[in-house]
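**Student:** Submitted below is the structure of interest, expressed as structure tokens.
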Amino acid sequence: MRVCVQGLWHLGSVTAACLASVGHEVVGLDSDQEVISFLNEGKAPLFEPNLNLLTAEGILSGRLRFMSDMASACKDAEILWVTFDTPVDDDDVADINFVLNQVKSAVMLLSDGALVLVSSQLPVGSITVLETFARQFAPNKHISFASSPENLRLGKALDVFLHPDRIIVGIRSAKDRIALEKLLLPITEKIEWMSVESAEMTKHAINAFLATSVTFTNEIAAICELVGADAQEVERGLKTETRIGPKAYLSPGGPFAGGTLARDIEFLGKISQDRQLVTPLLSSVRPSNDAHKKWVQRKLLERFPDLGGVRVAIWGLTYKAGTDTLRRSLSVELVDWLLEQSAQVQVYDPAVKELPINWANRVKKCVSALENLEEIEVLVVGTEWPEFKDEARRLPEFANSNLFIIDANRHLQKSLKETAIAYLSVGSRQSN
């Protein structure tokens, strides 16, 4: 099929490359000419394992190209797949008008009978807004709309896109289903068909459930720390309960970060508030998560009431492993706080080439995880890069005997099992 993928940051660049890899003719559309230039050279706008290779293969095959000219990109498209990473501010409020206005502009340029498939994170009801616009301003084009909420994960996006558990698709008609089967069946036959509003709401519900699970688990873990229980053992008890199950999102650890989960909590909160619906459970999720963001700081202050001059190493700065983005990274927020406390900070991350400008001459950037550890008093695991597990096994060779490790998600737990290094994680009974 001829597909125009509109919006080329993480979601869009992955979608475009993957669609081309299964045989579709794909044009990637974005107004940022610099992004377009890089993509036409096979370089994605941010790091995602194997994405550059898949993009380059698509270009070489002739099935993938990128442009900023909206009219040319939309002209022959059978499907306009909307893949903007919806902008979100520091308060987790999404700029949905940016996405809606971009789609409205494209709708005016589509051919008669084209279908618009929206995967950008937008509040339920957004498709209805776009349908109303199309009926009013392009009544003769017979444009139809569908929803397929994005389901990617940074660092694993290609595998998730090409081998999904299932794809959620909301449609209005049998005709739209036929078109989308042609688009999606080369990827998977596991498609959950439903109404447009149900598909929009499903994304909110999934993220709200995951966010609630994270905050529930971390509140339980906080109580465990007070009463001498081990939250990891409690987790095992929960997951062996048949009404809960082994894949439940119940591992004690850090808070959820970034805008994805919080964005849907905000969407649901606003929808409920606008309709005078009280939602006590959902309304409590964000305050609980925000409080848990200070767990590392609390543990540091318990051990060092005055952090002035304390030497701290941070392993990992990125938002999560498998990406190079620092935006909304809790590790970055931690370093900023440590600098305010006058601590001496060194950092290492295998994917980060440049540190934030405001850290200049204040933070030491290491070339390896084990560099300079003989002088370090506290090691904090910020990002769960797999290589850190191997490096942790060598810590007794490089670190001083008084090293204290703070590892919220127990990433290094097995690697340090045979050592005497003091170690603390969320919900742990005691340090080793």
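**Student:** Which residue is nearest to the chain's Cα centre (by Cα), if the candidates are limited to region 329-338 and must be of a type outside the set (Gly, Ala, Ser) and surrounded by 17 or more Cβ atoms within 10 Å (Cβ to Cβ)?
**Tutor:** Among them, the one singled out is LEU330.
**Student:** If you don't mind, another one. Taking into account only those residues within region 310-345 that are charged (D, E, K, R) and touching a Leu at 6+ places or on another chain (Cβ under 8 Å), which is farthest from VAL93 (Cα to Cα)?
**Tutor:** Selected residue: ASP324.
**Student:** If ALA73 satisfies all but one of (1) in a helix (DSSP H, G or I); (2) in contact with a helix residue (DSSP H, G or I) (Cβ under 6 Å, 6 or more places away or on another chain), what's the number of the condition it fails?
**Tutor:** Going through the list (1) in a helix (DSSP H, G or I); (2) in contact with a helix residue (DSSP H, G or I) (Cβ under 6 Å, 6 or more places away or on another chain), ALA73 breaks only (2).
**Student:** Does at least one position in region 196-210 carry a residue that is over 24 Å from the mean Cα position of the chain (by Cα) and outside the structural domain of LEU117 (by TED's automatic domain parsing)?
**Tutor:** Looking through region 196-210, none of the residues is over 24 Å from the mean Cα position of the chain (by Cα) and outside the structural domain of LEU117 (by TED's automatic domain parsing).
**Student:** When both residues are 6+ apart or on different chains and their Cβ atoms are under 6 Å apart, which pairs have a first residue that lies in region 251-275 and is within 20 Å of VAL426 (Cα to Cα), and a second that is among the β-branched types (Val, Ile, Thr) and surrounded by 18 or more Cβ atoms within 10 Å (Cβ to Cβ)?
**Tutor:** Sorted first by the residue in region 251-275, then by its partner, the pairs are PRO252/THR217; PRO252/VAL426; GLY253/VAL426; PHE256/VAL214.
**Student:** Moving on to the next point. Can you name the number of the only condition in (1) surrounded by fewer than 21 Cβ atoms within 10 Å (Cβ to Cβ); (2) touching a strand residue (DSSP E or B) at 6+ places or on another chain (Cβ under 7 Å) that LEU29 fails?
**Tutor:** (1)
**Student:** Scanning for something surrounded by 21 or more Cβ atoms within 10 Å (Cβ to Cβ), of a type in the set (S, T, N, Q), touching a Lys or Arg at 6+ places or on another chain (Cβ under 8 Å) and touching a residue at least 24 places away in the same chain (Cβ under 8 Å), does region 401-424 turn up at least one residue?
**Tutor:** no
**Student:** Would you point out which residue out of VAL196, VAL214, VAL169 is surrounded by 19 or more Cβ atoms within 10 Å (Cβ to Cβ) and under 23 Å from PRO255 (Cα atoms)?
**Tutor:** From the options VAL196, VAL214, VAL169, the qualifying one is VAL214.
**Student:** Given the condition over 25 Å from LYS203 (Cβ atoms), surrounded by fewer than 20 Cβ atoms within 10 Å (Cβ to Cβ), among the aliphatic types (A, V, I, L, M) and not assigned by TED's automatic domain parsing to the domain that holds LYS320, answer yes or no: does some residue in region 94-109 qualify?
**Tutor:** Yes, there is a match, as at least one residue in region 94-109 is over 25 Å from LYS203 (Cβ atoms), surrounded by fewer than 20 Cβ atoms within 10 Å (Cβ to Cβ), among the aliphatic types (A, V, I, L, M) and not assigned by TED's automatic domain parsing to the domain that holds LYS320.
**Student:** Can you tell me which condition GLU57 does not meet? The list is (1) among the acidic types (Asp, Glu); (2) exposed (fewer than 14 other Cβ atoms within 10 Å of the Cβ); (3) touching a helix residue (DSSP H, G or I) at 6+ places or on another chain (Cβ under 8 Å), and all the others hold.
**Tutor:** Looking at each condition in turn, GLU57 falls short on (2).
**Student:** Okay, next question. Considering only region 29-43, state which residues are within 9 Å of LEU8 (Cβ to Cβ) and either in contact (Cβ under 8 Å) with a residue 40 or more places away in the chain or part of a loop (DSSP other than H, G, I, E, B) (or both).
**Tutor:** LEU29, ASP30, ASP32
**Student:** Another question, if that's okay. Could you say whether any residue in region 104-113 is in contact (Cβ under 8 Å) with a residue 24 or more places away in the chain, out of contact with any Gly (no Cβ under 6 Å at 6 or more places or on another chain), of a type outside the set (D, E, K, R) and within 26 Å of LEU268 (Cα to Cα)?
**Tutor:** No; the residues of region 104-113 include none that is in contact (Cβ under 8 Å) with a residue 24 or more places away in the chain, out of contact with any Gly (no Cβ under 6 Å at 6 or more places or on another chain), of a type outside the set (D, E, K, R) and within 26 Å of LEU268 (Cα to Cα).
**Student:** Then there's this: When PRO246 is evaluated against the numbered criteria (1) without any contact (Cβ under 8 Å) to a residue 12 or more places away in the chain; (2) surrounded by 15 or more Cβ atoms within 10 Å (Cβ to Cβ), which criterion, by number, is the only one it fails?
**Tutor:** All conditions pass for PRO246, except number (2).
**Student:** Step by step: first the residues of region 137-164, then only those that are buried (at least 22 other Cβ atoms within 10 Å of the Cβ) and over 20 Å from the mean Cα position of the chain (by Cα), then the one that is farthest from GLY12 (Cα to Cα). Which residue is that?
**Tutor:** ILE143
**Student:** Need the failing condition index for SER342 against (1) hydroxyl-bearing (Ser, Thr, Tyr); (2) modelled with pLDDT of 95 or more; (3) crowded, with 21+ Cβ neighbours inside 10 Å, just the number.
**Tutor:** (3)
**Student:** I'm checking my understanding of the structure. Among residues of region 361-390 that are in contact (Cβ under 8 Å) with a residue 40 or more places away in the chain and not in a loop (DSSP other than H, G, I, E, B), which one is farthest from GLN413 (Cα to Cα)?
**Tutor:** GLU375
The values are calculated or read from the model by the stated rules, or taken from the named source; none is laboratory data. In this text, all values refer to a predicted model and were calculated from it rather than measured experimentally. Quick reminder, even Gly has a Cβ in these numbers, built from the backbone with ideal geometry, and neighbours come from all protein chains shown.
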